[in-house]
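The block underneath contains the structure these notes are about, expressed in structure tokens.
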Amino acid sequence: MPSEVHRRTFLQLLALAGAGSVALPGLAEAGTGFPLVSRGKAATIVVSPDDQPGVRRVAGDLAADIERVTGVRPAVSAVVPAGGPVVLVGTLGHSPLVDGLVAAGKLDVTGIAGEWETSLSQVVDGRLVLTGSDQRGVIYGVYEVSRRIGVSPWYWWADVPPRRQAELHLPRERFSLGTPHVKYRGFFINDENPALGTWAPAFFGPGKAPGFPNGFNHLFFAKVFETMLRLRANYLWPAVWGRAFAEDDPLNHATAKEYGIVMGTSHEAPMMRGIEEWNRHAVPAVRDAAGNITTPGHDPYGGTGEWSFRRNGEAIKAYWTDGIRRMVREDFEGVVTLGMRGNGDVGLPDGDGIELMREIIATEREILARETGRDLTTVPQVWTLYKEVQRYWAKGLRPPDDVIVVFTDDNWGNIRKMPDLSGPPHPGGYGLYYHFDYVGGGRNYKWVDTALLANTWEQLHQASAYGNDRLWVANVGDMKGNELPLQFFLDYAWDPGALPIERLSAWERAFAAENFGPALASDIAAVLHDYGRLQSRRKPELLNRRITVDAAGTITYDDQMTPFSLVDYGELDRVTGEWRDLAARASKIGARLPKAFQDAYYELVGYEVEASANLYALRRAEFTNLLYAAQGRASANGLAAVTEARFADDLALAEKYNTGIAGGKWQGFQTQPHIDYGDVARYGPNAPWQQPEKDNVALPDVIFPAVKRLDLPAAAALGVAVDGSPDAWPGAAGRPALPEFSPYQTAPPQYVDVFNRGREPFRCTVSAGAPWVQVEPRGGRVTEELRMTVRIDWARAPKGTTTVPITVTGAGTSVVLDAVVRNPVLPARGFVEAGGYVSMEAEHCSANVGAADVAWRRIPDIGRTGAGMTPFPVTAASRAPGAGPRLEYRMTLFTTGPVTVWAYLSPRSNVLPGDGLRYAVSFDDAEPQLVNITTATGADDTAMNRQWERTTSDNVNLTSTRHVVEAAGSHVLKFWMVDPAVIVQKLVVDTGGLRASYLGPPESLRWPW
């Protein structure tokens, strides 16, 4: 029997060790472990010259990593030295040295040999053997040693310094990383302009690779490939915006082969040829009077310029043929993309007829069989159902059995389709294309990491549970800036079982410990965790777009309004404050880190936190300025200045990234615009979603939307504004009224703002019509504005509902406003109505009632304001309304009659066969009301329409049901599972006083039931 194989990765060891550990986990004490470096001398690294190129190359990386940590560089040799410790690196079946140990019975490779990318580390005859089932298996095992000795996978891409140590001793236990769950795992460098597209040509261009100045050459990709392998990825879609991997540098494919990387092309680039190659070599076609091509003008390396299979099929076939011939000629490992989309990553100009796509795929496979001379079942192929391509699947088109079918998300992290477990299996297997970066509607998001790990985990878990395990690729944009979600994506693809939902926080601590050491790992992980939670509420590029839906369902976009409420529930102030506090925490941690970690901290933590917090502060000042200017407040002018100061800070933070860290290594990388989205006058009709050309660097006084300055009169003039209203008095219609007061309210205290509409200060006084209505302060000097808080002395307030006048006097004018005070008679239990609503986080249910083998499960932080609840297992069958598991919420309502229940749901698609994604709601013992999310929101599983733009931009799908409450008192709201994949974040019962806000009202008070 083979000896026990330990399968704990370095990240798992870090998590198990805990943040307080001093020694690096995964290392042994001197005298007990294998001496990698001891007393100033390093073990010799031995690799056979007959081994595969990737293995020979990685042996040199291991020597360099050991030197980075200890200052001692091991010798790399082709022969075993006569004495001293030896690290033997080699592939089973390719290394005579390793195969000799197997033949002699000294190295047991049971469970390793014949597997895919499986490593083995074992001490044999005093030598440390690092071997594997294939080339990448060995490489992954070698890089795992590098991680254990203190070299982060991000040592180059994020300037993470190695942790210096004089002695390195590795455990002698037999160790394997195991076999990866997903066969092909990697990412797509995409949407790379302007950041990566500015930096790479400068860093790797002229003077670095003569003749290939665009920077996307073999020197650049060598750094990408090395980082991929250190993260245990194996598959890449290279950059495509004006880039052509094969042509930008003829050494690119050879370098991929040297490193052992599997190359692919994106969903729009079939047959191993990027669309840029076609565009570069386009030759105008000659047409007759009817528009038919008579002379294709074929360029053997390009096309006629018309990317149409119907009208220009021969040129396209020749183009595809050349791509496969190049793959055969250069003999690199690849996965061939099938299918076809329009030039520019759009729909086909030929339409989406199913017979056309069937003909396209058949033609591509004919070319592939002819040019490779191989059985097609041995040539990896993939068909990606991106955007409109999914319609072919919906219409019943199925590729040949050996083709991998890749389902995609909706570009915003919500998977659109899962394999149908009730149907026959697809032998080729299924894959996933997922986004951490996107260009398109409702708005580009490319600036900073906005992924929420809980959301990513839930979607990857679902994909894995439905048997999607053949090929996973993530769009990571510039790659840099998305380090954390990319590493998580790849870790999960390697071993989902090692990352249950309960271990998310442990994974974050391990990520922080690996890159910044254990001492502050918990603090840094907490910052990264809260950053992801806050960022997931809304992409920073969307902070100036409010999306509203009227009673008829008409969606309106307003790029000159903040989505967060300026006047209700203190929302914008609250979220801005959360960002401010997070930035302060991050800054304090950064100040405690050693100097060597400062650059890496700014790149991985500091910049994204500080710059995002600054952007919220900018938007808060900007939109408050616009509101105050409309009200005539003197303070509006100061907020205009604050807005411009925050804009200057934004530029300064980017400049620090570009020139102030790592010796200017990342010059040009922080150039992504993120502020002026939506300015149609400046940027044209695509401005609502397409990035602006720049963030008004030359004209900071016209940040879109432009701030306003008032020409104030000299004389003082009274102005009054109240909580919950954008209006101001005198001037606005009607009599102002504060939101309803309740002893059970959890919303921020109501306020009255007294402000000046002129330059001269004045004094004001405030008087309430009842002694138990308390206003603080009761008056004072008003230069620009004075905020007064209104509270109720509930011990003296009468029962029932009372309206109390409050009079504000100043500058010779008075304004009377009303305070409506509701002091209920009924006792309160459970969630308590206050302010005209009951607001409940989904996780705070009174009861979680399972049914058969299904129950609701908590997913931490997946909601915009808390955890979410979703049915588990995710493969559970649908249930009839009222027959499935349910969540119960006990509450006290003081209002009778019609009420509306709003369900805040994660914006998931209908991933399974059926007529939609459904849940049900009922009050007490009433019949459950069925809600079809797909029907209710006007979306479907193939279209990406305006409704989809709203739900993904808001990161919530908001649906409602109407109910009638017959009597005041205790009630139970029941939320029923009907279909799996529904995630409920929050429930709000509107009893008539709910005010508009982005996140919904604060959670209601819960009294013990």
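The numbers here are math on the coordinates, done by the rules we state, and not lab data. Computed from a prediction, not measured in an experiment: that's the story for all the values here. Every residue, glycine among them, receives a Cβ derived from its backbone with ideal geometry; neighbour counts consider all protein chains shown.
Computed from the Cα positions only, the extents of the chain along the three principal axes stand at 97, 84, 64 Å, in decreasing order.
Treating each Cα of region 841-886 as one equal point scatterer and applying the Debye formula with no solvent, the log10 of I(q)/I(0) at q = 0.25, 0.30 Å⁻¹ comes out as -0.92, -1.10. In plain terms, if you count all Cα to Cα distances in region 43-86 and split them into 5 Å steps from zero, the share in each step is 6, 25, 29, 24, 14, 4 percent.
Relative to the current alpha-carbon distance between R829 and L251, full extension at 0.36 nm per residue lengthens the span by 200.9 nm. Other residues whose C-beta falls under 10 angstrom from the C-beta of S133 contribute a net charge of -2, scoring Lys and Arg +1 and Asp and Glu -1.
Between V328 and R358, the FRET efficiency from the beta-carbon distance, with R0 = 22 Å, is close to 0.30. With the simple spin-label model, which puts each label point 7 Å out from Cα in the Cβ direction, the T556 to E927 separation comes to 3.7 nm.
Each 5 Å bin from 0 upward holds the following percent of the Cα-Cα pairs of region 661-811: 2, 8, 13, 13, 11, 9, 9, 10, 9, 8, 5, 3, 1, 0. Computed extension length for D711-E966: 86.3 nm, one decimal, from 0.36 nm per residue of separation with the Cα-Cα distance subtracted. Just how many % of Cα pairs in region 124-230 lie over 20 Å apart, if you round to the nearest whole percent? Across region 124-230, Cα pairs with separations above 20 Å total 56 percent. Each principal axis of the Cα atoms in region 540-702 has its own extent, and those three values, largest first, are 57, 35, 33 angstrom. The equivalent ellipsoid of region 10-170 has semi-axes of 25, 17, 16 Å, largest first, where each one is the square root of 5 times an eigenvalue of the Cα gyration tensor. Placing unit charges on each Cβ (+1 for Lys and Arg, -1 for Asp and Glu) gives the chain a dipole about its Cα centre, and among A842, A811, W472 the Cα reaching farthest toward its positive end belongs to A811. The relative contact order of region 267-498 comes to 14 percent, based on Cα pairs under 8 Å that sit 6 or more residues apart. For region 830-1007, the convex hull spanned by the alpha carbon atoms encloses 106 Å³ per residue.
Once you divide the Cα radius of gyration of region 267-498 by 2.2 N^0.38 Å, the number left is 1.08.
Once the Cβ-Cβ distance of E366 and A394 is raised to the sixth power relative to R0 = 45 Å, the FRET efficiency obtained is 0.95. In region 301-426, a dipole from Cβ-located charges (positive for Lys and Arg, negative for Asp and Glu) runs towards its positive end, and of G373, G353, P424 it is G353 whose Cα lies farthest in that direction. Normalising the Debye intensity of region 664-752 to I(0), with uniform scatterers on Cα atoms only, and taking log10 at q = 0.12, 0.17, 0.22 Å⁻¹ returns -0.74, -0.88, -1.02. Shown for T801, T456, T951: other C-beta atoms within 10 Å of each C-beta, ranked fewest to most, produce the order T801, T456, T951. Residue exposure proxy: D924, D410, ordered by other Cβ atoms within 10 angstrom of their Cβ from fewest to most, comes out as D924, D410.
Ranked by how many other Cβ atoms sit within 10 Å of their own Cβ, fewest first, the residues I45, I354 fall in the order I354, I45.
Think of the chain as having a plus end and a minus end, set by charges on the Cβ of Lys, Arg, Asp and Glu; of P907, Y657, W307, Y657 sits farthest toward the positive end of this dipole. For region 113-129, there are no residues whose amide N sits under 11 Å from a probe point set 7 Å from the Cα of E173 along the beta carbon direction.
Model label sites at A851 and S878, defined 7 Å from Cα along the beta-carbon direction, differ in position by 1.3 nm.
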